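Derivation of every value follows stated rules applied to the coordinates shown; laboratory data play no part. Computed from a predicted model, the values in this text were never measured in an experiment. Counting neighbours? That spans all protein chains shown, and the Cβs are built from the backbone with ideal geometry, glycine included.
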Ligand SMILES: [Zn+2]
């Protein structure tokens with residue numbers, strides 16, 4: 001069986017020094033507090049090399065020393081932990097009804113978290129880009145006041161995003177071939193940090209893989225529970241995007257050929273019968289009212305309202321059909337339901353689980369658990385920041401300023 005891991009593998013990269021710096025940085029991230037001797041013993045790098053690499057990481061303020069350990073055999077060792085205090089990674093999620101912005105430091109500590117309602121479906125890609133640019137400028141100004149260098153920005157969008165950062169199709173936003181990455185970079189006037197655009201489900205999966213309670217799980221699927229439904233797929237420890245980056249569009253798999261019309265124009269797509277739109281009373285509800293209406297659904301479900309419980313059970317069964325596609329095809333260890341599914345999870349999960357069990361050929365659903373996300377509505381934005389940190393971990397280290 002061919003597997004890949006996230007273990008340090010220096011031979012994978014051309015630039016040995018940068019690679020080794022990244023190996024040491026990842027080791028400290030995963031094992032801090034740890035000593036130089038721990039790093040040498042686990043990575044196979046010799047002690048002199050480790051000392052030199054650690055000195056470099058300390059110069060870049062990516063790692064710092066913290067006191068001595070006492071309960072060890074032999075000489076006490078100076079322990080190392082992640083620093084990263086002069087840095088920030090920014091993630092932004094643009095969705096149909098809101099924009100979320102998150103900034104974290106190198107260790108993933110949240111520096112800010114903003115959310116505002118946003119009539120995404122009513123405007124153009126250009127208008128959304130201008131709004132995002134304005135938010136980025138405010139975040140960057142705030143980070144500059146804290147004397148932090150921005151390492152990068154990733155914007156998440158609910159749609160097909162090409163490898164060049166062009167949004168090919170975002171059906172729920174009504175965008176086609178929007179060069180969000182290029183236009184945003186121009187609007188920010190060469191910001192001095194990399195700007196990337198990615199699919200929202202991919203980013204939310206990265207957030208779960210780095211920060212969630214199932215962090216490090218090698219085979220993990222995240223399902224966005226927004227107006228649209230998309231899957232972020234991590235297999236063997238890596239995000240899988242497919243040939244052109246368009247994988248994971250589970251929301252447009254047809255569950256019912258006679259079902260409700262989807263915003264993509266097809267009939268009975270999973271997101272039309274199991275997305276949050278299938279739960280809400282009003283199909284054309286204004287974006288800001290989604291949460292208010294969901295609160296009402298939760299209130300009715302808690303009160304045992306029969307119609308609401310039947311509706312949630314039906315949506316849960318439809319969603320379970322989608323989850324079973326994943327369990328049969330990918331055998332994930334965990335499927336995480338995000339977004340608006342989270343407040344509804346107590347009522348959705350029993351029927352999701354029953355449907356998944358009934359449709360998965362492997363015994364015990366192949367060991368798959370279905371759970372609700374604990375990262376909140378900001379998961380994709382947090383994942384945007386995680387993608388920036390991932391690129392630091394893989395060797396794109398900030399220059400010494
Ligand atoms: Zn569709």
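Values computed for the structure shown
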| quantity | calculated |
| --- | --- |
| Tilt relative to the chain, helix 290-302 - C-alpha long axis, 0 to 90 degrees, to 10 | 70 degrees |
| Candidates 217, 141, 356, ranked by Gaussian network fluctuation over the chain, Cα under 10 Å, top entry | 141 |
| FRET efficiency, residue 147 to residue 124 (Cβ-Cβ, R0 41 Å, nearest 0.05) | 0.65 |
| Region 232-323: relative contact order in percent, alpha carbon pairs under 8 Å with at least 6 residues between | 20 percent |
| For the chain: relative contact order, % (alpha-carbon pairs under 8 angstrom, 6 or more apart) | 17 percent |
| Estimated 222 nm signal from helices in the chain, with DSSP H stretches of n ≥ 4 weighted -39500 (n - 2.57), rounded to 500 | -12500 deg cm²/dmol |
| Separation of the residue 258 and residue 396 label points, Cα + 7 Å toward Cβ, nm | 5.1 nm |
| The chain: angle of helix 125-145 to the longest principal axis, Cα-based, in degrees nearest 10 | 30 degrees |
| With eigenvalues of the C-alpha gyration tensor scaled by 5 and rooted, region 139-277, Å | 29, 19, 13 |
| 264, 269 arranged by Cβ crowding within 10 Å, fewest neighbours leading | 264, 269 |
| Spatial extent of region 212-269: Rg and Dmax, with the Cα atoms as the point set, Å | 13.7, 40 |
| Alpha-carbon gyration tensor eigenvalues x 5, square-rooted, for the chain, Å | 39, 25, 19 |
| Extension gain from residue 374 to residue 357, taking 0.36 nm per residue of separation minus the Cα-Cα distance | 3.8 nm |
| Stretchable slack from residue 189 to residue 116, in nm (0.36 nm times residue separation minus alpha-carbon distance) | 23.8 nm |
| Length released on extending from residue 65 to residue 31, taking residue separation times 0.36 nm less the Cα-Cα span | 10.9 nm |
| Span per principal axis, largest first, for the Cα atoms of region 83-129 (Å) | 43, 17, 9 |
| Top of 158, 332, 346 by mean-square fluctuation, Gaussian network on the chain, Cα under 10 Å | 346 |
| Calculated diffusion of region 306-401, Stokes-Einstein form, Kirkwood radius summed over Cα pairs, 37 °C and 0.692 mPa s, µm²/s | 217 µm²/s |
| Where labels lie 7 Å past Cα in the beta-carbon direction, separation of residue 215 and residue 267 in nm | 4.7 nm |
| With Cα atoms, 0 to 90° folded angle of helix 47-59 axis to the chain main axis | 60 degrees |
